[in-house]
1. So, of the residues in region A:224-233 that are of a type in the set (A, V, I, L, M) and either closer than 14 Å to A:Ala167 by Cβ or open to solvent by less than 10 Å² (accessible area, probe 1.4 Å) (or both), which turns out to be nearest to the other protein chains (Cβ to nearest Cβ)?
2. Could you run through region A:42-62 and say how many residues are more than 27 Å from B:Leu8 (Cβ to Cβ) and buried (at least 21 other Cβ atoms within 10 Å of the Cβ)?
3. Does region A:83-102 contain at least one residue that is farther than 21 Å from A:Val343 by Cα, among the aliphatic types (A, V, I, L, M) and open to solvent by 10 Å² or more (accessible area, probe 1.4 Å)?
4. What about B:Ala235, is it farther than 29 Å from A:Lys19 by Cβ, among the small types (Gly, Ala, Ser) and at pLDDT 80 or above?
5. Keeping to region A:264-318, report how many residues are under 22 Å from A:Leu107 (Cβ atoms), polar (S, T, N, Q) and within 18 Å of the chain's Cα centre (by Cα).
6. Test A:Ile239 against the stated conditions and say whether it is closer than 30 Å to A:Leu345 by Cα, free of Cβ contacts under 8 Å to residues at least 12 places away in the same chain and within 14 Å of chain B (Cβ to nearest Cβ).
7. Would you point out the residue of region B:341-385, among those that are within 21 Å of B:Phe100 (Cα to Cα) and of a type in the set (Phe, Trp, Tyr), that is surrounded by the most Cβ atoms within 10 Å (Cβ to Cβ)?
8. Please give the number of the condition A:Glu338 fails out of (1) open to solvent by 40 Å² or more (accessible area, probe 1.4 Å); (2) among the charged types (D, E, K, R); (3) modelled with pLDDT under 90.
2 protein chains.
Amino acid sequence: MPHAESLLLELFVIFVCAKVFGEIFEQLGLPAVVGEILAGVVLGPYAMKFVNPGATTLSIAELGAIFLLFTVGLETSPKELIRVGRTSLGVGLAGVLAPFLLGFGYLRLVRGDPTHEAIFVGAAMVATSVGITARVMGDLRVLHTRVASIILGAAVADDILGMIVLAVVAGLGSNAGVQWVQLVVLLVEAVAFTVFMVFFASKVIHRMRPGVERLSTQNAPLILALALCLGLSVASERIGMAAIIGAFFAGLAFAEYSVEWKLAPRINAITEFLAPFFFFTMGARLDLRIFNREVIVACVVVTVLALIGKVVACGLPVLREGWSSALKVGVGMTPRGEVALIVALVGLQMKMVSQPAYAIVIFMTGATTLIAPPVLRYLFKRDAPEAAD
Amino acid sequence: MPHAESLLLELFVIFVCAKVFGEIFEQLGLPAVVGEILAGVVLGPYAMKFVNPGATTLSIAELGAIFLLFTVGLETSPKELIRVGRTSLGVGLAGVLAPFLLGFGYLRLVRGDPTHEAIFVGAAMVATSVGITARVMGDLRVLHTRVASIILGAAVADDILGMIVLAVVAGLGSNAGVQWVQLVVLLVEAVAFTVFMVFFASKVIHRMRPGVERLSTQNAPLILALALCLGLSVASERIGMAAIIGAFFAGLAFAEYSVEWKLAPRINAITEFLAPFFFFTMGARLDLRIFNREVIVACVVVTVLALIGKVVACGLPVLREGWSSALKVGVGMTPRGEVALIVALVGLQMKMVSQPAYAIVIFMTGATTLIAPPVLRYLFKRDAPEAAD
């Protein structure tokens, strides 16, 4: 297949470089995902010019984003969300509102950025990427503690609230300015979609189950999950949201059946293959030349606001559990990840976000992801040195 | 991600249509893969014009071909090949030579087609796709019989010999005509590559094993297998072979560790996602307008030669096991599949194969795949009606 040669070479180089940087970061005790983004920054067209991802690679990277969110959805049980109840919901809700308002306020009022840009950056500060925290807690063997279950519960609420925010924000992108009527319509649309997917989608699949298991196609549940992932991605784009929202809810719909149908390890394999292209190209899109003093200041301020927003807003609702628990929950909710990156990407592609704002989000994502694990490790080890070794 | 919208829609429509056609075929007791190809023929740009796969979809389809062959390699144990010994190797070798010579002879001598076109069609008739046969034998619960192990053993030899033929044929494509010196060089190159991969690659991985298991990257063996798949695909294109040959040998290298590292189900999931795009676009490339009387005659003749070639050449070496066993082995080796399609695709892309010759290969692949299962079922049921129900 001659014309595929350069594409295959590009995919090979990106995949290997992303994974080598990831492995180096892991060896240093840092999150692999930051290494994969950094690979893109360093080797991409704005720095070493070693690889310049072409159109097909960018499309594959977007499929990677879709599968990333599909995986997040698969791991987010709606039943669990209903079970963990008010504490986690309170943590999640506060942790969504505070960073958004802090980020929006800083960009709009202090820096004087346009409203739509401030909204995008604020939205990127919303969603916790709990994978990093879960991994740290797993390493410390504290996943069974009450703090861990509050964090994991809140992360579920946070995921869903983050999706609503993204749905609204992505919908706003279709117009140049921000129209408040449209915002309300989008909010209602997004909430209705969410309520349907959280409460009814898994019931629909429950009803379909006997039919699915009668199908002759090999791996019929996997095929059905993949089809729903693509279908809801298309649908959510059609109604003016981002594709990944559909992918997330497709995952959510199948979450209850993930174990029974062995979906998680198999969907994960697809994500393992596609996600490095996403993280690498996110880094490769970062134009390093825009890092002047002003932008660096904004990066640091937004990162600090992103940290404070989550620590305070997520810590407060659990203050009655004690300062130490509140602090752990707060810090545990600070890492941002793929959703923040995707919000920035959607903004960049819609030309609603400028390169400096894109840089701010990438910086904030990387920094929060790097800062949280050592702090969390310190907090857990301080309180229970024996359990944490 | 606005510009991805039409791509996602295209991927969704192709995936669902391919799988629906596949399911209908399965329900009718026919192989799903023929349904997936037919979906492309019917809905593609030459018939109903419902979907016209774009450049990105075609690239994803080619990744599908690469993962198909990677999966075939993973399921092909080099140790098994060494174990099954002479009978299977004889069956495999005869079954590669006879169809090639029959196909080549018919196109070159009877139809008077150009040498390079006759070589491509002959090469496409070489490789058995044993998946269909294995599934029929599995359904009949006769996988434990001696006939089944001869077939499965021969399929291993056949896969590797088929790859050598494809390597040589794809290498020839770089020039307009066929140069016999070059052919010998390519043959030596292909055999050397094969010998290295069969005898040494898995030893290299065996040595690397402790290192791989020390890596901090999650799913390190899977990542390594994916990297080798992409890397050898690029490498085999660079030395003038087809990308899938590298993918096949990458699979072969990991075959011994497929169970231990749980590679098979996870690589399979990637293939399940990507392969439908390959089969659909293979169908979509078929220009139905070229089916005049002459082409239809050629399709039928080539299919008959493809059947006779395998039945006779694969049956003869096992004739001492009795007529009935010989016939089962022969029929079991007749289905052609993804390798035939890829040979045709490589030929089409290199402009070494015209649309009529492409049509002949697609027809032959579909027909052999459709004819083998009922005949095989009949042969097994006739001999042991009780065992086969």
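1. Going residue by residue through region A:224-233, those that are of a type in the set (A, V, I, L, M) are A:224-228, A:230, A:232.
Narrowing further to those that are either closer than 14 Å to A:Ala167 by Cβ or open to solvent by less than 10 Å² (accessible area, probe 1.4 Å) (or both): A:225-226, A:230, A:232.
Values: A:Ala225: 10, A:Leu226: 6, A:Leu230: 4, A:Leu232: 9 Å.
Filtering region A:224-233 for residues that are of a type in the set (A, V, I, L, M) and either closer than 14 Å to A:Ala167 by Cβ or open to solvent by less than 10 Å² (accessible area, probe 1.4 Å) (or both), the one nearest to the other protein chains (Cβ to nearest Cβ) comes out as A:Leu230.
2. Residues that pass the stated criteria total 1.
3. Taking region A:83-102 and keeping what is farther than 21 Å from A:Val343 by Cα, we get A:83-91.
Now drop any that are not among the aliphatic types (A, V, I, L, M), which leaves A:84, A:89, A:91.
Narrowing the set further to residues that are open to solvent by 10 Å² or more (accessible area, probe 1.4 Å) leaves A:84, A:89.
Looking through region A:83-102, at least one residue is farther than 21 Å from A:Val343 by Cα, among the aliphatic types (A, V, I, L, M) and open to solvent by 10 Å² or more (accessible area, probe 1.4 Å).
4. Here the answer is no, as B:Ala235 does not meet what is asked.
5. Matching residues across region A:264-318 total 1.
6. Working: closer than 30 Å to A:Leu345 by Cα: yes; free of Cβ contacts under 8 Å to residues at least 12 places away in the same chain: no; within 14 Å of chain B (Cβ to nearest Cβ): yes.
It is false that A:Ile239 is closer than 30 Å to A:Leu345 by Cα, free of Cβ contacts under 8 Å to residues at least 12 places away in the same chain and within 14 Å of chain B (Cβ to nearest Cβ).
7. Checking each candidate, the answer is B:Tyr358.
8. Unmet condition: (1).
The values are calculated or read from the model by the stated rules, or taken from the named source; none is laboratory data. Not measured: the values here are computed from a predicted model. Using ideal geometry, Cβ is built from the backbone for each residue, glycine included, and neighbour counts are taken over all protein chains shown. The area values use the complete protein model at the heavy-atom level, side chains included, leaving out ligands, DNA and RNA. Shrake-Rupley method; radii C 1.70, N 1.55, O 1.52, S 1.80 Å.
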